[in-house]
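Peer 1: This is the structure, below, for whatever I ask next.
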Amino acid sequence: MRPSHLPVLDGLRAVAVLLVMWVHVPQVVPGYPEWLKFASWLIGPGGLGVEIFFVLSGFLITRILMAEREQGLPVRWFLLRRLLRIFPIYYLLLLVMLPQRPAAEIGWCALYLYNVKSIFWPQGGPLEHTWSLCIEEHFYLLWPLVVAFAKPGRAGRVLAFGVMPLAIVGALLVCLFVDADIGERAVPHGSPFRFLSLGAGSLLAFRETWLRARPRQATQLALGLLAAAIVLHPHVWFLLGPLEVGPIWSDTKEWLPRSLAPFVVLVHSGALCTGLVLLGVLAEQQRRSPLRVLTARPLRAIGRISYALYLYHLPIYFALVVPEPTAARAWLSILLSFIAATVSYFAVERPLQRFGARFRGAARAQAR
């Protein structure tokens, strides 16, 4: 029996968005601690935060789709609720940014193709973070239809033997045969490759009941994924340099061609975040799990507004901190990001969620 709501994952979502907000604070801000710069270099908080979002999205979306299929609810109601959840504040942001950004850039974002633009025509700016939202939207357009219309059990096989292997092989081929400058952007920003993490989260949803029934084996699997991620992390090997283990990439010694770096990072981050999400799922039934700290009310509250926080924080940073990077402006931009996200949640997102819930109720009544 799977619980309908997992509070630990709300907290994990909060951690993800805070990691992304951290990496976007310019390190040139006076007083930025040296230890925090080192931690940023070691952890890679931006990539880690986005990867957590991907695995969480795959897991949560798939378990909703599975539950609604079991109840006989048409997939169109799920897609409509996704539209109400994602589009309004996204296009509201684009509308606000329209007078400030080139029309072409707004167009790429409006069509959910900014990740493609970032591969071939990288630019940066206050909307550059929307590339990850484009990848998730591509997943939302395709995956619900597979879960809804594939025969029972086949959707999981599509992931395990189709989507995920193709993502791995495709990323490897890009690193080996495509221009290095393109490859280092194509692997992290290309939807087919990032479906690896979304697919991993979806597989967890398919196997959730089995994993919960075998917590010991599931915990060993999660720890194994974390161990594999540590082994694949090039910065960890760099720290072992004094022990003469040597880094994966360096100026004098390479275990692997440097062109394979995006592929290794893809597999490393996917394993790491899949292990973290799996531990979060198991924490709901393990009182001594250290991840239960994520059920703290402040973290869960941040998790609920994480989508708006992710959307709004970078434009606010660019408006306040980038032109004049001071500590006061940095703290003010963080505060304003939380205020904007909170107002957005209660004034726009929550009313629309309630409106969307009516469709679910009507569909359930019709299914009966």
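The values are calculated or read from the model by the stated rules, or taken from the named source; none is laboratory data. This structure is a prediction, so every number in the text was calculated from the model and none was measured. Every residue, glycine among them, receives a Cβ derived from its backbone with ideal geometry; neighbour counts consider all protein chains shown. For accessibility, only protein heavy atoms count, side chains too; no ligands or nucleic acids. Shrake-Rupley method; radii C 1.70, N 1.55, O 1.52, S 1.80 Å.
Peer 1: May I ask you to say which residue of V96, V50 is surrounded by 20 or more Cβ atoms within 10 Å (Cβ to Cβ) and under 21 Å from T130 (Cα atoms)?
Peer 2: Working: V96 fails: surrounded by 20 or more Cβ atoms within 10 Å (Cβ to Cβ).
Of V96, V50, the one residue that is surrounded by 20 or more Cβ atoms within 10 Å (Cβ to Cβ) and under 21 Å from T130 (Cα atoms) is V50.
Peer 1: Please go through region 196-229 and pick out each residue that is among the polar types (S, T, N, Q), open to solvent by 10 Å² or more (accessible area, probe 1.4 Å) and either touching a helix residue (DSSP H, G or I) at 6+ places or on another chain (Cβ under 7 Å) or over 30 Å from A261 (Cα atoms) (or both).
Peer 2: T209, Q217, T219
Peer 1: For region 239-283, give me each residue that is at positive phi and either modelled with pLDDT of 90 or more or among the aromatic types (F, W, Y) (or both). So that I can check it myself, show each step before the final result.
Peer 2: First, pick out the residues of region 239-283 that are at positive phi: 244, 246.
Selection gives nothing.
Peer 1: Test each condition in (1) in a loop (DSSP other than H, G, I, E, B); (2) surrounded by fewer than 17 Cβ atoms within 10 Å (Cβ to Cβ) for L73 and report the one that comes out false.
Peer 2: (2)
Peer 1: Another question about this same structure. Would you call I106 open to solvent by less than 30 Å² (accessible area, probe 1.4 Å), of a type in the set (A, V, I, L, M, F, W, C) and under 20 Å from the mean Cα position of the chain (by Cα)? Spell out the reasoning first.
Peer 2: Numbers: open to solvent by less than 30 Å² (accessible area, probe 1.4 Å): yes; of a type in the set (A, V, I, L, M, F, W, C): yes; under 20 Å from the mean Cα position of the chain (by Cα): no.
No.
Peer 1: Would a scan of region 2-20 turn up a residue that is at pLDDT below 95, touching a helix residue (DSSP H, G or I) at 6+ places or on another chain (Cβ under 9 Å), open to solvent by 60 Å² or more (accessible area, probe 1.4 Å) and hydrophobic (A, V, I, L, M, F, W, C)?
Peer 2: No; the residues of region 2-20 include none that is at pLDDT below 95, touching a helix residue (DSSP H, G or I) at 6+ places or on another chain (Cβ under 9 Å), open to solvent by 60 Å² or more (accessible area, probe 1.4 Å) and hydrophobic (A, V, I, L, M, F, W, C).
Peer 1: With respect to the numbered conditions (1) touching a helix residue (DSSP H, G or I) at 6+ places or on another chain (Cβ under 9 Å); (2) in a helix (DSSP H, G or I); (3) open to solvent by 50 Å² or more (accessible area, probe 1.4 Å); (4) not aromatic (F, W, Y), which one is the sole condition not fulfilled by G170?
Peer 2: So G170 meets the others, but not (3).
Peer 1: Quick check on region 227-238. Is at least one of its residues in contact with a Lys or Arg (Cβ under 9 Å, 6 or more places away or on another chain), outside any helix (DSSP H, G or I) and at pLDDT below 90?
Peer 2: Step one: of region 227-238, the residues in contact with a Lys or Arg (Cβ under 9 Å, 6 or more places away or on another chain) are none.
No: zero hits.
Peer 1: In region 317-333, which residues are in a helix (DSSP H, G or I) and surrounded by fewer than 22 Cβ atoms within 10 Å (Cβ to Cβ)? If you could, list the steps in order and put the result at the bottom.
Peer 2: Here is the first cut: in region 317-333, the ones in a helix (DSSP H, G or I) are 317-320, 327-333.
Those that are in a helix (DSSP H, G or I) and surrounded by fewer than 22 Cβ atoms within 10 Å (Cβ to Cβ): F318, A319, L320, A327, A328, R329, A330, W331, L332.
Peer 1: Among the listed residues A200, A180, A155, A150, identify the single one that is at pLDDT 95 or above and either over 21 Å from R63 (Cβ atoms) or of a type in the set (G, A, S) (or both). It would help to see each step written out before you state the result.
Peer 2: Numbers: A180 fails: at pLDDT 95 or above; A155 fails: at pLDDT 95 or above; A150 fails: at pLDDT 95 or above.
After ruling out the rest, the residue left standing is A200.
Peer 1: Kindly indicate whether P351 is assigned to a helix (DSSP H, G or I), modelled with pLDDT under 95, open to solvent by 40 Å² or more (accessible area, probe 1.4 Å) and of a type outside the set (A, V, I, L, M, F, W, C).
Peer 2: Details: assigned to a helix (DSSP H, G or I): yes; modelled with pLDDT under 95: yes; open to solvent by 40 Å² or more (accessible area, probe 1.4 Å): yes; of a type outside the set (A, V, I, L, M, F, W, C): yes.
The answer is yes for P351.
Peer 1: Checking the structure you have, find out if any residue of region 38-54 is more than 22 Å from the chain's Cα centre (by Cα) and over 22 Å from V343 (Cβ atoms).
Peer 2: yes
Peer 1: Moving on. Can you tell which of Y112, Y140 is among the hydroxyl-bearing types (S, T, Y), on the phi > 0 side of the Ramachandran plot and either touching a Leu at 6+ places or on another chain (Cβ under 8 Å) or assigned to a helix (DSSP H, G or I) (or both)? Before you say what the answer is, go through the steps one by one.
Peer 2: Details: Y140 fails: on the phi > 0 side of the Ramachandran plot.
None of the other options fit; the residue is Y112.
Peer 1: Pick from L127, L111: which is within 20 Å of the chain's Cα centre (by Cα), modelled with pLDDT of 95 or more and open to solvent by 70 Å² or more (accessible area, probe 1.4 Å)?
Peer 2: Numbers: L127 fails: open to solvent by 70 Å² or more (accessible area, probe 1.4 Å).
Of L127, L111, the one residue that is within 20 Å of the chain's Cα centre (by Cα), modelled with pLDDT of 95 or more and open to solvent by 70 Å² or more (accessible area, probe 1.4 Å) is L111.
Peer 1: Of everything in region 132-148, what is within 13 Å of F53 (Cα to Cα), open to solvent by 20 Å² or more (accessible area, probe 1.4 Å) and not acidic (D, E)? Give them in sequence order.
Peer 2: The answer is L133, and nothing else.
Peer 1: Follow-up question, since we're still on this one. Do we find a residue being more than 21 Å from L6 (Cα to Cα), open to solvent by less than 40 Å² (accessible area, probe 1.4 Å) and in contact with a Pro (Cβ under 9 Å, 6 or more places away or on another chain) anywhere in region 301-314?
Peer 2: Yes, the conditions are met somewhere in region 301-314.
Peer 1: In region 21-45, what count of residues is obtained for those that are surrounded by fewer than 16 Cβ atoms within 10 Å (Cβ to Cβ), of a type outside the set (A, V, I, L, M, F, W, C) and part of a helix (DSSP H, G or I)?
Peer 2: Summing the residues that are surrounded by fewer than 16 Cβ atoms within 10 Å (Cβ to Cβ), of a type outside the set (A, V, I, L, M, F, W, C) and part of a helix (DSSP H, G or I) in region 21-45 gives 2.
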